[in-house]
Structures are given as C-alpha cells and as structure tokens.
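Accompanying notes for the structure given below.
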Protein chains: 2
Amino acid sequence: MSRPTIAGVARAAGVSVASVSRVLNGLPATEEMVERVQRAVDELGYVPDARARSLKVGRTFQLTLAVADVGNPVYVTMMRAVEEVVSAAGYRLVVTTTGPDVVDEVALVRGMARGYADGLLISPLRVDEDLVKSIRECEVPVVVAGNVPAKAGVDTVRANSPKGMLLAVDHLVAKGRRRIAFLNGPADTVPGAARAKGFAEALRAHDLRPAAVAEADDFTFAAGRAAAPALLNSLTSEEVRVRVATSSDVRGRPDAVIAANDLLAVGVMHELAAAGLEVPADVAVVGMDDSELAEQSFPPLTSVNLGSAERGRRAAELLLARIEDNERAPRRIVVQPSLSIRRSTP
Amino acid sequence: MSRPTIAGVARAAGVSVASVSRVLNGLPATEEMVERVQRAVDELGYVPDARARSLKVGRTFQLTLAVADVGNPVYVTMMRAVEEVVSAAGYRLVVTTTGPDVVDEVALVRGMARGYADGLLISPLRVDEDLVKSIRECEVPVVVAGNVPAKAGVDTVRANSPKGMLLAVDHLVAKGRRRIAFLNGPADTVPGAARAKGFAEALRAHDLRPAAVAEADDFTFAAGRAAAPALLNSLTSEEVRVRVATSSDVRGRPDAVIAANDLLAVGVMHELAAAGLEVPADVAVVGMDDSELAEQSFPPLTSVNLGSAERGRRAAELLLARIEDNERAPRRIVVQPSLSIRRSTP
DNA sequence: TTGTAAGCGTTATCAT
DNA sequence: ATGATAACGCTTACAA
C-alpha cells in the first residue's frame with residue numbers, strides 16, 4: 001500500500017496527470033472533469049507531495065523562525081506576532097531552536113540555504129563576521145530581529161535598549177531610588193552589550209553611579225539566581241535590620257535592581273526573598289522584555305517593553321516584502337520601548 | 001546570479017554530476033576528484049537543494065513537533081527532551097503550533113501527510129474521530145503524546161494523571177488539609193477530562209468531598225485568574241479575618257487548591273494574593289506539569305510532575321522506531337508521575 | 001573509479 | 001478544455 005501519486009489518481013480517474021494537477025490547483029476545467037478527479041482523490045486519499053511541488057514551483061510556503069532558547073518567554077511573544085503576520089499571508093511558520101552559539105546560527109543559515117523554507121527569521125544572541133557572511137550568501141531571504149552592522153546590508157528590526165534603560169532608570173529615580181544595580185546577561189552577546197552600554201548612559205544622565213553590576217552566564221532564570229548574590233553581596237536580612245535601625249541611606253547598598261531580561265529579574269527576586277528582603281519596599285526590581293512572565297511573576301514585574309511583539313510583526317513584514325522583491329533596499333527598523341509598571345517597583 | 005546546482009558544480013569542476021554527488025556524500029573517489037569537486041563547491045558557494053534530495057531519497061531528516069500553545073511552559077520541557085533524542089539520531093526538529101481546536105490539528109496532520117517531515121509528534125488537547133482517522137491515514141508516522149483510544153492503534157505516550165492527582169491529595173491530606181478545591185481547564189479536553197476524573201477518585205480514596213470545583217476556559221494564566229474567584233468565592237480577606245477570629249475550621253472554605261496545570265495554579269496564587277490570603281498558610285496550592293514556571297513562581301510551586309520530559313523522550317523514541325519499521329505493533333506507554341514539593345504547600 | 005541516464009512527484013508548456 | 005512531455009535538482013543503478 002504505497003502512497004498514491006498524481007499518476008495514480010490520473011489512472012484511477014481515467015484522465016491525464018496534467019488534468020489532475022489543474023483541477024487540484026483550481027484551473028479551468030469542465031464540471032465533469034472536476035467531478036471525476038475529485039472522486040479519485042477522495043477514494044485514494046491522495047495528498048500532493050509538498051517537496052515535489054515546491055521543487056517545481058520554487059516555493060515552499062513555509063517560513064522558519066529560529067530562536068536561541070525556547071524557554072525564554074520573550075520568544076513566545078515574538079512568535080505569536082510573527083505567526084499572525086505570516087499565516088495571514090498564506091505561509092506556515094515553523095520554529096527551530098539554535099543554541100546560544102554563533103556557530104549553530106551559522107550552520108542553520110547555511111543549511112537553510114536550500115532548505116524547506118522560503119525565508120528565515122533569526123534573532124541571534126551573538127553576531128560575527130561569519131554569520132553576516134552566511135546571511136548575505138544565503139539563498140533565501142533572511143531578516144534579523146536584533147542588531148547587525150549597517151554595512152552588512154541586511155534587513156533588521158531592533159529594539160532601542162538604551163532608551164528602554166533610560167525609561168527604567170527615570171522611573172526608579174522618580175520613585176526615589178538612587179542606588180541602582182544592574183544584572184546583565186553575557187556581555188559578549190548583542191543584547192548584553194547594548195544593555196550594558198544603555199545602563200551606563202542612563203545612570204550618567206542622572207548623575208548617578210552604578211551601585212553594583214554583575215553578569216550572569218546566560219539569559220536564564222538559573223543564571224540569574226546564581227549571579228544575584230554577587231550583586232546583592234552583603235545585603236542580608238541581618239544587615240537590613242541594622243540599616244532600618246540606623247539610617248535609611250546607607251551608602252553602597254542597592255535599593256533597586258535592573259535586570260537585562262525578565263528571567264534574570266525573576267531570578268533576582270527569588271534571591272531577594274531568600275535573603276529576607278522585600279520587593280519593592282527594600283529593593284525595587286525591573287526586568288526587560290515585558291514578557292508573559294512579567295505579569296505571571298509575583299509580585300508582578302515592572303518591565304521595559306522592548307516591543308517584542310512589534311519587532312516580530314515588523315520583521316515578518318520585512319521578510320514577506322523581501323520574498324516578494326529581493327532587490328529592494330535593505331531596511332533597518334528600530335522600535336521604541338515603553339515601560340510597563342507593575343508592583344515590583346514602588 | 002542564480003543559485004548554483006549540482007550541474008553547475010560539475011561543469012565548473014569538469015566532472016560529471018554523479019561524481020559531484022558521490023564526493024558530497026562521502027562515497028569512494030580519488031584524491032584528485034575530491035579535491036576538484038571541493039574547490040568548485042567552495043567557489044560557487046554551492047549548497048544542495050534539500051527538497052530535490054529528499055524527493056529522491058524519500059527522507060527529509062526533519063521531524064515536526066506540534067504543540068497547542070507555545071506559551072505553555074510544559075511544552076518547553078517536552079521540546080527540550082524531544083530535541084535531544086531526535087538530534088542525536090541525526091534529525092532536525094521543527095516546532096509548529098496548532099490552536100486549541102481539533103480542526104487545526106486535523107488540518108496539520110492531513111497537510112503534513114506529504115510534507116517536509118519524516119514524522120510527526122503531536123500532543124492534542126482534543127481528540128475526535130476525525131483526528132484519529134487522519135492519523136491513521138497519514139503518510140508519515142505519527143505518535144501522540146497524550147491519550148487516544150487503544151483501538152485507534154497508534155503509538156502513544158501518556159501521563160497518569162489520576163495517579164498524579166492522588167499524589168497531590170495524599171500530600172495535602174498529610175499536611176492536614178481537608179477542604180481541597182480543584183481548578184480544572186476545559187473539561188472537554190483530554191487532559192481536562194482525565195484530571196477531573198482523577199481528582200474525584202483521589203478525594204474519594206480519602207473519603208473527602210471536593211471543597212469546590214471550577215473550570216477555566218483555557219489552560220492559561222489569564223483563564224486561571226478569571227476562574228479563580230468562582231473557586232474561592234466568599235474567601236475574601238474580610239472573611240478570613242472573621243474566620244481567624246472565630247474558628248480555624250469553618251466548613252466549606254478551601255484550604256488547598258489543586259490546579260490542572262502550572263499556569264492555572266499561578267493564576268490562582270495571584271488571585272489569592274489579591275484577596276489577601278497567604279500561600280501556603282491560608283491556602284496551599286499545587287500545580288501540575290512541574291514546568292519551569294513552577295520553580296520560577298513565587299512562592300515556588302509544589303507541582304505534580306507528569307513526566308513531560310520523559311514523555312517527550314519516549315515519544316521521540318517511538319517515532320524514530322516507527323520510521324525505522326512501520327510494521328511494528330503500536331505501543332502505548334504510560335509514564336508514572338511524581339510530586340515536586342516546593343513552598344506553596346506546607 | 002567515473003560517467004550516462006533513469007527516475008522521484010510535481011507543474012507548465014506546448015500541441016491537439 | 002485536455003493530453004503528452006519537458007523540466008525542477010538530486011541520487012543511484014548500470015555501463016564503461
């Protein structure tokens with residue numbers, strides 16, 4: 001019982017393969033022809049082979065979204081937005097996961113070159129020469145949700161994290177916090193570098209100096225927990241009691257922490273709780289990404305909305321546009337951030 | 001600058017296409033041949049067309065995992081496990097998302113029939129005749145992570161939620177809780193039905209009666225929050241104060257809530273907090289799935305581990321085995337649950 | 001060891 | 001309107 005092909009259907013219907021193909025693709029045919037083909041198709045349970053079809057047509061009507069870590073909730077926001085746009089355009093979206101390394105990313109882009117997708121949407125954590133090169137040489141259009149050098153000449157949609165950082169710091173300062181610490185992810189990543197720079201600038205804008213800065217090994221909850229103590233250091237409950245008993249403005253103790261993403265922020269909150277510190281009373285916490293985790297966390301997390309949904313949407317649109325016309329000039333879109341204030345800040 | 005094909009490489013190298021193919025696939029060839037082909041490949045930046053290749057070979061070396069909701073953290077656990085198994089076997093995993101409806105699921109299975117994957121792993125929320133039929137008729141092997149009727153004759157790996165429910169109830173009862181409520185997801189789903197039944201049985205086993213039962217519209221955080229009040233009902237902070245002032249055993253007030261998954265459980269915890277109730281002091285909460293969210297939530301959530309990782313692993317193995325031999329007898333594996341005790345229970 | 005040629009299952013271009 | 005047939009880019013007998 002081998003799978004039926006268009007030839008089998010043609011034989012069963014007593015017509016030519018060309019006619020079957022036409023009927024299936026809604027091209028003009030007589031009533032009777034449609035009828036006969038339809039019956040044969042139903043009878044045999046025939047389903048066209050997508051590979052053969054796309055080999056001929058040159059299109060798969062599939063788009064691939066590659067994310068670094070499926071466990072990062074920021075990607076679900078993005079994924080939802082991308083899905084909406086591409087499915088409206090008649091494409092199916094498939095998601096594949098790369099590790100945090102550039103090499104995986106490069107391998108993906110290279111392999112996707114003649115693959116099962118008409119386009120590729122990537123959001124790489126790390127970018128190097130090789131990656132840029134493989135993107136440019138890729139046979140299918142690639143758009144990057146993230147930052148690559150302008151001279152690379154690829155479509156990109158990126159966030160404005162310095163601006164986002166400023167929003168966070170403005171808010172904290174307005175609430176009277178001055179001793180602001182920063183928990184970054186790996187600084188050798190694109191977002192890590194951008195956020196480090198943004199944090200420094202934002203503090204400078206307020207004439208403040210960082211209370212502490214730490215770098216987690218990864219943009220994950222576990223890494224956040226692991227790195228938090230270094231940030232909080234001597235901030236134990238013991239000392240808090242002392243602080244409360246003596247003065248409300250002991251130098252050098254953070255009264256606010258900004259984390260480079262929501263996962264890290266939640267990790268910090270857990271460590272704060274473990275140290276007997278209250279959020280936001282003792283320490284305010286703000287995350288970045290404004291993912292679903294931000295509202296699910298407790299207390300709900302104030303988070304910088306870096307526009308993941310809009311970035312996903314715009315990136316998808318860029319990809320569709322480039323599939324349509326590969327000669328158009330590369331665009332570089334940057335979406336503006338906003339601040340979602342919740343209960344982890346006063 | 002059209003994309004180079006194997007013919008182009010052959011021409012450039014001055015050899016036949018067969019030789020190019022052989023070299024690329026590591027078949028025996030002379031030093032010199034390998035050398036010439038390699039050079040031409042590099043020069044032209046040739047990448048084989050996966051569709052053409054798989055059309056010929058009959059395999060794509062891609063496997064598809066379809067999940068109902070990318071926002072549900074239980075799927076990331078599963079996805080990680082599946083990824084590990086299939087990539088070790090030389091397959092690439094792609095993830096696609098269906099909605100909560102059967103029709104989407106059926107469409108996916110039908111469409112995948114002759115698609116870009118050698119196998120399909122689905123975890124459907126709802127199952128009906130049509131879905132079972134489409135699975136049986138599917139041209140590529142399908143394994144179901146979930147429950148379908150034995151007579152369907154398809155490979156399945158499912159959880160034992162009644163047993164899991166019992167674990168949860170045992171634990172709560174051991175901690176002295178007797179007024180146990182249950183927040184289910186939609187009861188017309190496979191997991192919803194199983195958990196409702198399991199909850200009833202578990203309470204019966206302890207000679208207890210449900211303190212309250214509610215049904216959320218969806219297995220999501222938002223639905224959990226929305227449904228929680230119905231469950232907690234008159235359990236406002238006002239009344240808690242009264243309760244504390246009068247008696248510690250007011251009939252009919254839940255002192256524990258079991259939720260059908262972690263997302264719902266976290267939703268309940270938020271509502272409890274909003275009502276001024278403490279977890280676990282006033283109300284204990286236990287979730288199901290033991291997803292990453294369980295440890296990220298605050299307080300960390302006691303959760304029934306329904307073996308998502310193991311289910312993913314076993315399902316992936318089943319799929320690989322069936323791809324290997326489509327005639328083997330269908331297997332139905334059930335994986336046993338365990339309880340991950342955290343701080344949301346006493 | 002290498003080359004020639006026949007498909008894999010479609011669609012599209014021609015005749016008819 | 002329908003039918004024969006040549007591609008699409010690759011692998012694999014089979015021949016040389």
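The values are calculated or read from the model by the stated rules, or taken from the named source; none is laboratory data. All values derive from a computational prediction rather than experimental measurement. Glycine also receives a Cβ, built like all others from the backbone with ideal geometry; neighbour counts cover every protein chain displayed. Note: areas computed on protein heavy atoms with side chains; ligands, DNA, RNA excluded. Shrake-Rupley method; radii C 1.70, N 1.55, O 1.52, S 1.80 Å.
Below are the figures for this structure:
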{"read-out": "Pairs, first without any contact (Cβ under 8 Å) to a residue 24 or more places away in the chain in segment B:83-110, second not in a loop (DSSP other than H, G, I, E, B), C-beta under 7 Å, six or more apart", "value": "B:GLU83/A:THR97; B:GLU83/B:LEU93; B:SER87/B:LEU93"}
{"read-out": "Only listed residue being among the polar types (S, T, N, Q), more than 8 Å from DNA strand C (Cβ to nearest atom), over 28 Å from B:ARG59 (Cα atoms) and without any contact (Cβ under 8 Å) to a residue 60 or more places away in the chain, chosen from A:THR64, A:THR30, A:THR60", "value": "A:THR30"}
{"read-out": "Which numbered condition A:ALA259 misses (of (1) of a type in the set (A, V, I, L, M, F, W, C); (2) within 14 Å of chain B (Cβ to nearest Cβ); (3) surrounded by fewer than 24 Cβ atoms within 10 Å (Cβ to Cβ))", "value": "(3)"}
{"read-out": "Lone unmet requirement of (1) facing chain A (nearest Cβ under 8 Å); (2) at pLDDT below 90 for B:THR96", "value": "(2)"}
{"read-out": "Per-region count, segment B:272-309, residues assigned to a strand (DSSP E or B) and open to solvent by 20 Å² or more (accessible area, probe 1.4 Å)", "value": "1"}
{"read-out": "Odd one out for A:GLN38, checked against (1) within 13 Å of another protein chain (Cβ to nearest Cβ); (2) within 16 Å of DNA strand D (Cβ to nearest atom)", "value": "(1)"}
{"read-out": "Subset of segment A:283-329 (residues that are among the basic types (Lys, Arg) and under 19 Å from the mean Cα position of the chain (by Cα))", "value": "A:ARG311, A:ARG313, A:ARG314"}
{"read-out": "Total residues in segment A:75-95, condition of a type in the set (S, T, N, Q) and over 16 Å from the mean Cα position of the chain (by Cα)", "value": "1"}
{"read-out": "Matching residues, segment A:290-316, being of a type in the set (Ser, Thr, Tyr) and within 14 Å of chain B (Cβ to nearest Cβ)", "value": "A:SER291, A:SER297, A:SER308"}
{"read-out": "B:VAL109 vs. criteria under 16 Å from the mean Cα position of the chain (by Cα) and not small (Gly, Ala, Ser)", "value": "no"}
{"read-out": "Boolean, A:VAL106 is over 24 Å from B:SER2 (Cα atoms) and either more than 10 Å from chain B (Cβ to nearest Cβ) or open to solvent by less than 20 Å² (accessible area, probe 1.4 Å) (or both)", "value": "no"}
{"read-out": "B:ARG80 being within 15 Å of DNA strand D (Cβ to nearest atom), in a helix (DSSP H, G or I) and either closer than 30 Å to B:ALA321 by Cα or in the same structural domain as B:ALA265 (by TED's automatic domain parsing) (or both)", "value": "no"}
{"read-out": "Looking only at segment B:66-90, and only at residues there that are open to solvent by 50 Å² or more (accessible area, probe 1.4 Å) and over 30 Å from B:ARG3 (Cβ atoms), the one that is farthest from the other protein chains (Cβ to nearest Cβ)", "value": "B:ALA88"}
{"read-out": "Condition met for A:ALA329 (at pLDDT 95 or above, surrounded by fewer than 16 Cβ atoms within 10 Å (Cβ to Cβ) and away from chain B (no Cβ under 13 Å))", "value": "yes"}
{"read-out": "Where B:GLU327 falls short, out of the listed (1) over 20 Å from B:ARG225 (Cα atoms); (2) assigned to a loop (DSSP other than H, G, I, E, B); (3) in contact with an Asp or Glu (Cβ under 9 Å, 6 or more places away or on another chain)", "value": "(3)"}
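Results for (1) in contact with a Lys or Arg (Cβ under 8 Å, 6 or more places away or on another chain); (2) within 16 Å of DNA strand D (Cβ to nearest atom); (3) touching a residue at least 40 places away in the same chain (Cβ under 8 Å), shown as yes or no for each residue.
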residue: A:ARG11; (1), (2), (3): no, yes, no
residue: A:VAL15; (1), (2), (3): yes, yes, no
residue: A:ASP42; (1), (2), (3): no, no, no
residue: A:ALA68; (1), (2), (3): no, no, yes
